[in-house]
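Peer 1: My questions will all concern the structure given below.
The values are calculated or read from the model by the stated rules, or taken from the named source; none is laboratory data. Treat the numbers as computed from the prediction; the structure is a model and nothing was measured. Please note: Cβ atoms are built from the backbone with ideal geometry, for glycine as well, and neighbour counts cover all protein chains shown.
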Protein chains: 2
Amino acid sequence: MTTTMIPSTMNTDLQNERRKASLNSEKFAEWWFNGRAELAKKRELESVIFNDAQLNDDIPISYLSYKESYENAMRKSTRLLYLIKKYYRESDSADASTSPSKSTAINKKDNDEKAKWAFLYKLRSMLGGEIGSGILKQGNPIRLHITMFLPTILGQASEEQKLEWMEKCFDLKIIGTYAQTELGHGTFLRGLETRADYDPSTKQFVLNSPTRTSYKWWPGGLGHTVNYTIVMAQMYVDGKSHGIQPFVIQVRDEETHMPLSGIDIGDIGPKMGLKHVNNGYLGFHNVRIPRTNMLMKNCQVLEDGTVRKAKSSVLVYGGMVFVRVVIVRDASFALIMAGTIAARYSAVRRQSPIESNTPEPQVIDHITQQLKVFPQIAKGIVFKLAADYVWDLYQTTMSSLDEGNLNGLAELHLITCGLKAYTSNASRKGVEILRLACGGHGYMESANFVSIYGTAAASCTYEGETTVMWLQTARYLMKAWGAVIKGEKLAPSVSYLKYAHRETEFKGFTPNQWSVIRALQFTAGNLIKSAYETLEKTKENIESYEVAKNLTGLRLVKAAELHTAAFLADVAFRQIKKQLNSIRNSKEVMSALNQMLDLFLVDMFFEYLSDILKYCQLSGQDVDAMEKRLENNLKLIRPNIIALVDGFDLHDRVLDSTLGSYDGNVYERIFDNAKKNPLNQEPVNSSYVHLKAFMKMSPFMKSNL
Amino acid sequence: MTTTMIPSTMNTDLQNERRKASLNSEKFAEWWFNGRAELAKKRELESVIFNDAQLNDDIPISYLSYKESYENAMRKSTRLLYLIKKYYRESDSADASTSPSKSTAINKKDNDEKAKWAFLYKLRSMLGGEIGSGILKQGNPIRLHITMFLPTILGQASEEQKLEWMEKCFDLKIIGTYAQTELGHGTFLRGLETRADYDPSTKQFVLNSPTRTSYKWWPGGLGHTVNYTIVMAQMYVDGKSHGIQPFVIQVRDEETHMPLSGIDIGDIGPKMGLKHVNNGYLGFHNVRIPRTNMLMKNCQVLEDGTVRKAKSSVLVYGGMVFVRVVIVRDASFALIMAGTIAARYSAVRRQSPIESNTPEPQVIDHITQQLKVFPQIAKGIVFKLAADYVWDLYQTTMSSLDEGNLNGLAELHLITCGLKAYTSNASRKGVEILRLACGGHGYMESANFVSIYGTAAASCTYEGETTVMWLQTARYLMKAWGAVIKGEKLAPSVSYLKYAHRETEFKGFTPNQWSVIRALQFTAGNLIKSAYETLEKTKENIESYEVAKNLTGLRLVKAAELHTAAFLADVAFRQIKKQLNSIRNSKEVMSALNQMLDLFLVDMFFEYLSDILKYCQLSGQDVDAMEKRLENNLKLIRPNIIALVDGFDLHDRVLDSTLGSYDGNVYERIFDNAKKNPLNQEPVNSSYVHLKAFMKMSPFMKSNL
């Protein structure tokens, strides 16, 4: 195999960018990773993982067949988890020898559920973030064990069941996933068809897939990887349904890995992205499991078939909310990955003189290019701040929940639904804008936008499809507007509705950050009001509220989106202002952050301008002033953009991009990648036989098309 | 291999849709394909191609490796061309036996260049449209021979050169492509580095790639397929550059297919889509070709090295304009493909009761779903009408050009730049909206959105990147506004600017089609005016026009986009009104078309509402009325949507979608596809060895992340 040498020198344009920047990347990185110690730890782990010879690919994975690439993913995912474990084991021992008290605290935590959730969040962030992407950019067949299987055991098992399952699940003695979606049923949970009939004579449940559409479809790792899975099924006793319940079901032998009797299981095939996740299907034919394999925290079936339901089913939310918090983080990650690649490539690529007879400038000096690249990076930063905010809120709300306080739950649900929908879509669109900004080369898989996009695109659908999320958000907002009218107390995230209710017009716009947020809130409030009133009016004519809601669907979705935009703008503003006052942060870092916040808000202003103009009386001059502000932001951000993306500290193995590497040797890397192409190892491909025969045939054009 | 039987019955929901529709699909299809005879001919050819056993795949191609899938594409693309040739040969003979006069006419045409262009357009439409997609959905390594190699020979060769090259090129005795873009150079043609130095002593040109960035990169089929290529290179005589000229260069032996000496050639590797096009790279090291291999219609180099340039270089436009016309057609095709899949799946899929305790309705009954699906289909129809319009305009303009009339050329260039940018992007976005509307199953490759998206996404970049197209459009518009001010004559497509110049405010909006078009035109005109004035003002402060233009970049792009939107709206309106008066069309077909036009215009109104509101004084009631109009359109279109997409007459082999087949047996097809997955042919995958070793290892959770 011929490969080209990639020079060890750095591209001179990138050198200049770094030399001239006033922003210190290292200081930005310290802020981004919550301090110098955390940053060092991250780098240490990355160095262990990325220097491991077994985790290298000789041939880029995009050349492999579907089957080969699954096999490659399994080899690497097990190796990756092994190395993570080994690293932490060793660093624990090191800690223990110097600091015995900390070690004791850790051992105590083993039995602590909070520590387990934190463990899951951290492990998930690793696998879904830098390290996971660096090793398994098309996904990890074992990841759902961490994200869905363990959280469900943790959240839905009774105390006895935890004793039985927790240890072997957390120690990965068995590998599981979470099977809810069916071929014919997704969003509407009550429509699931898989059934589990209780048989008191044997004290077993009997699982069946009565129809083709009842087959479980989609769970990651289900195809050939897991030997256990959670199955959500309609639970029947004596032919009477008791709703959807979670069951732990063994699907493969723990030794031989052969599918168990009555189990029809396999891989569903290639997808747009996340190609190596081994998403699977699963059908049951009279599969019997012990009664105690139904997870019984919320609903119990006693030996004789007596069913005892929990008082409240809100606890079921927990796991879903957890995943949605994680998705906000993923959305940020996709944008900073793609943003780093696009910014660096735009600094290296030279194209189209701005003045005739001058050399081609760096593409990043074209203002149209800045407008494509910079706002996406700003979103990446804001979404990370939002993810931090909502993860704190999640932990607080869950703690209150443990103490019996259900107050914050509905609001947390609202916030995570909205943020999930908003950030996943903005991230999907943003990644594609960034790819398109890299022209033809952005279209090559070696640029790595394709896999980033595939992952970002999936997150718009899984764990709550966008429109479904908006309609759930809107349902809460309709209640909230009802409360506003009655003068009732409002949850913090919707308290701005009082202002939209009180004021009949929007006054005093000035082109500053807070004014943009107020305009968004006023617009959102009025859209909510309008949807509410349309709904009420439609209801008068049509009997059913649900039919009315369908007819009002477009307005509800719009209101939910604007509300979430306003909420996000507000959170970003507060989070950054809080940071500005922190003494440990450098002035340059804070100034860069403030510019990015400003750009984020201006960009959002233009995105929703038609709605804003409908409700807020802005003049042409106001809009012009915002356009100037936008141009000015781009100008301020330009000199530091490379230093800023350097500060995300994304390892070249993580970016895995011919266009985005730290040294900027773009063309050499593109070339080197092509030379590894298996097609290029032979001068003449075997398929030439067809072409040769074809060219020798009788004339073509003589026929008349 | 286990496969599932797909039932021969039709899904009952689709049956009902078809029974209840007032629109006759067959009549729509006759309109769509320009008459009953053309439709029958299309179906006959499809039946020949799709019943050919050699063109079937046992395993869906997405399971193959990169190398395997190229080999598969070569086998099928040669077979496909063979069958097309055979079919037309036979139907020619049949025609000839019954109608000798027609046959004579055909033979005469062989020497007619107009017939050759029509032949290319038709063959390109087949390969890029129904038949090509049905057989080679990830592209065809031979297609650039038709789209770029032949047109360049036709347009750039001198008469002697045509005698030498034309026959063997049109008869596919040799296979070529078109190599212009280099690794480091795309948009800016003058920046190309490949050089061709004339050596009068041997009467040869010597080709060299002086740098890494000068390697040719991207041409379809270049990797391992073609044996010839057009190469655009800097032509030098005596060390003096004479600009970019086209050369015909042999790259592989006509018998053995081995790369010739001095030629470094190969495949560039996987991409987001069009995976099997065999895009290649090419580097030269002292490659010598005869002087006469430079195409000399526009510039001649005599034996002694004397250079004679053509009077005008506008003729070079021709080929590029041709390709951009084709892209507008492709944009329509992508939307109607994806629209058909999404509409049918939305009629089969049932989800989320609109009223509690009722069964799950067809997804297509959710208004939010209608708003995702219907406008994309409307765009697909409008873009086809625009493609027809611009193909006529192209032919007319080219004919005048042959008669020495250059008048229409600049306007044709403007129109094709704008439409190329507009339709390619709308198609890319629309396909993705349609995919997302199909939830999780839309993400599976077997739904076929992924390959449609990959093709649509590429068209935003190739043959003129979007922003570059907007800036070219804007350059023309700035000149046009200058002409308006001076009261000069305007080309038809910009004559509305007079109205925007004359009127200071927009009056009398009513929510009808013509009013929307006038509002778009008024807004576009004012944006053009504003960009013009900003440019003039900026120029006063900064010396260079080009620097000023960069600073005004955001406004120029906006103005060009709005202008094109207004133009497209106007063309769609006129094209459909023209059809409405045609007696041969059925009333139902025309009524469906008028609804789609209305939806298209309302959708466009909302897309550009923030711009419209900036310049046109619309009231809140006006906007509300348009919202009602939107809801009303969806309601009118709903009952006929399946009949309408049936009328596009897309064969199941063309759609190649588990979600979109005519019979609606969605779940059976998804299942059947998964059962063909090579991973599913073994109960336990060989990679289990890694997982087994991992699960047996020491506990995981004991470590502290």
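Peer 1: Please indicate, with yes or no, whether at least one residue in the stretch B:227-238 is at the interface with chain A (Cβ under 9 Å from one of its Cβ atoms) and assigned to a loop (DSSP other than H, G, I, E, B).
Peer 2: Yes, there is a match, as at least one residue in the stretch B:227-238 is at the interface with chain A (Cβ under 9 Å from one of its Cβ atoms) and assigned to a loop (DSSP other than H, G, I, E, B).
Peer 1: Return yes or no: is A:Lys507 surrounded by fewer than 23 Cβ atoms within 10 Å (Cβ to Cβ), of a type outside the set (Asp, Glu) and either over 26 Å from A:Asp622 (Cβ atoms) or within 14 Å of chain B (Cβ to nearest Cβ) (or both)?
Peer 2: no
Peer 1: Being surrounded by fewer than 19 Cβ atoms within 10 Å (Cβ to Cβ) and either out of contact with any helix residue (DSSP H, G or I) (no Cβ under 9 Å at 6 or more places or on another chain) or of a type in the set (S, T, N, Q) (or both) is the filter here, so list the residues in the stretch A:249-281 that pass it.
Peer 2: Hits for the stretch A:249-281 are A:Gln250, A:Asp253, A:Thr256, A:Met258, A:Pro259, A:Leu260, A:Ser261, A:Gly262, A:Ile263, A:Asp264.
Peer 1: Being of a type in the set (Phe, Trp, Tyr), within 21 Å of A:Leu136 (Cα to Cα) and without any contact (Cβ under 8 Å) to a residue 24 or more places away in the chain narrows it down to one of A:Tyr87, A:Tyr70, A:Tyr63, A:Tyr82, so name that one.
Peer 2: Working: A:Tyr87 fails: without any contact (Cβ under 8 Å) to a residue 24 or more places away in the chain; A:Tyr70 fails: without any contact (Cβ under 8 Å) to a residue 24 or more places away in the chain; A:Tyr63 fails: without any contact (Cβ under 8 Å) to a residue 24 or more places away in the chain.
From the options A:Tyr87, A:Tyr70, A:Tyr63, A:Tyr82, the qualifying one is A:Tyr82.
Peer 1: Among the residues in the stretch B:12-19, are any within 14 Å of chain A (Cβ to nearest Cβ) and in contact with a strand residue (DSSP E or B) (Cβ under 8 Å, 6 or more places away or on another chain)?
Peer 2: Scanning the stretch B:12-19 turns up at least one residue that is within 14 Å of chain A (Cβ to nearest Cβ) and in contact with a strand residue (DSSP E or B) (Cβ under 8 Å, 6 or more places away or on another chain).
Peer 1: Looking at B:Lys628, is it in contact with a helix residue (DSSP H, G or I) (Cβ under 9 Å, 6 or more places away or on another chain) and either within 11 Å of another protein chain (Cβ to nearest Cβ) or in contact (Cβ under 8 Å) with a residue 12 or more places away in the chain (or both)?
Peer 2: Taking the combined requirement at face value, the residue does not satisfy it.
Peer 1: Mind checking which pairs have a first residue in the stretch A:336-348 that is more than 22 Å from A:Gly129 (Cα to Cα) and a second that is among the charged types (D, E, K, R), Cβ under 9 Å, 6 or more apart or different chains?
Peer 2: A:Ser346/A:Asp365; A:Ser346/A:Lys372; A:Ala347/A:Asp13; A:Ala347/A:Glu17; A:Val348/A:Asp13
Peer 1: Filter the stretch A:140-169 down to the residues that are assigned to a loop (DSSP other than H, G, I, E, B) and either over 22 Å from A:His257 (Cα atoms) or charged (D, E, K, R) (or both), then identify the one that is farthest from the other protein chains (Cβ to nearest Cβ).
Peer 2: Only one residue fits best here, namely A:Ser158.
Peer 1: Do any residues in the stretch A:599-625 that are farther than 21 Å from A:Leu556 by Cβ have Cβ atoms under 7 Å from those of residues that are in a loop (DSSP other than H, G, I, E, B) and of a type outside the set (Phe, Trp, Tyr), where the two are at least six apart or on different chains, and which pairs are they?
Peer 2: A:Gln617/A:Glu505; A:Asp622/A:Pro511; A:Ala625/A:Pro511
Peer 1: Inside the stretch A:254-292, can you point out the residues that are more than 30 Å from A:Thr455 (Cβ to Cβ) and either more than 9 Å from chain B (Cβ to nearest Cβ) or in a strand (DSSP E or B) (or both)?
Peer 2: A:Leu260, A:Ser261, A:Gly262, A:Phe284, A:His285, A:Asn286, A:Val287, A:Arg288, A:Ile289, A:Pro290, A:Arg291, A:Thr292, listed by residue number.
Peer 1: What about B:Val450, is it outside the structural domain of B:Thr340 (by TED's automatic domain parsing), surrounded by 24 or more Cβ atoms within 10 Å (Cβ to Cβ) and touching a residue at least 40 places away in the same chain (Cβ under 8 Å)?
Peer 2: So B:Val450 passes the test.
Peer 1: Regarding A:Gly404, is this residue in a loop (DSSP other than H, G, I, E, B) and modelled with pLDDT under 95? First the steps, then the outcome.
Peer 2: Details: in a loop (DSSP other than H, G, I, E, B): yes; modelled with pLDDT under 95: yes.
Taking the combined requirement at face value, the residue satisfies it.
Peer 1: Moving on. Filter the stretch B:170-188 down to the residues that are in contact with a His (Cβ under 8 Å, 6 or more places away or on another chain) and more than 9 Å from chain A (Cβ to nearest Cβ), then identify the one that is surrounded by the fewest Cβ atoms within 10 Å (Cβ to Cβ).
Peer 2: Here the residue is B:Gly176.
Peer 1: From (1) modelled with pLDDT under 95; (2) among the basic types (Lys, Arg); (3) more than 21 Å from A:Glu130 (Cβ to Cβ), pick out the condition that doesn't hold for A:Lys67.
Peer 2: The one condition A:Lys67 does not meet is (1).
Peer 1: Return yes or no: is B:Lys558 within 13 Å of another protein chain (Cβ to nearest Cβ), surrounded by 16 or more Cβ atoms within 10 Å (Cβ to Cβ), outside any loop (DSSP other than H, G, I, E, B) and of a type in the set (D, E, K, R)?
Peer 2: Yes, satisfied.
Peer 1: A further question follows. Could you please give the count of residues in the stretch B:638-668 that are more than 10 Å from every other protein chain (Cβ to nearest Cβ), surrounded by 22 or more Cβ atoms within 10 Å (Cβ to Cβ) and part of a helix (DSSP H, G or I)?
Peer 2: Qualifying residue count, the stretch B:638-668: 9.
Peer 1: Criterion first (of a type in the set (Gly, Ala, Ser), surrounded by fewer than 21 Cβ atoms within 10 Å (Cβ to Cβ), within 14 Å of chain B (Cβ to nearest Cβ) and in contact with a strand residue (DSSP E or B) (Cβ under 6 Å, 6 or more places away or on another chain)) does A:Gly191 satisfy it?
Peer 2: Considered against the rule, which asks whether it is of a type in the set (Gly, Ala, Ser), surrounded by fewer than 21 Cβ atoms within 10 Å (Cβ to Cβ), within 14 Å of chain B (Cβ to nearest Cβ) and in contact with a strand residue (DSSP E or B) (Cβ under 6 Å, 6 or more places away or on another chain), A:Gly191 comes out as yes.
Peer 1: Within the stretch B:295-308, is even one residue at the interface with another protein chain (Cβ under 10 Å from one of its Cβ atoms) and over 18 Å from the mean Cα position of the chain (by Cα)?
Peer 2: The answer is no; no qualifying residue exists.
Peer 1: Which of the residues spanning the stretch A:194-222 are within 9 Å of another protein chain (Cβ to nearest Cβ) and touching a Ser or Thr at 6+ places or on another chain (Cβ under 8 Å)?
Peer 2: Within the stretch A:194-222, A:Tyr215, A:Trp217, A:Trp218 qualify.
Peer 1: Considering the stretch A:589-604 alone, what residues qualify as being touching a Lys or Arg at 6+ places or on another chain (Cβ under 8 Å) and either among the small types (Gly, Ala, Ser) or more than 19 Å from A:Val623 (Cα to Cα) (or both)?
Peer 2: Selection gives A:Val589 alone.
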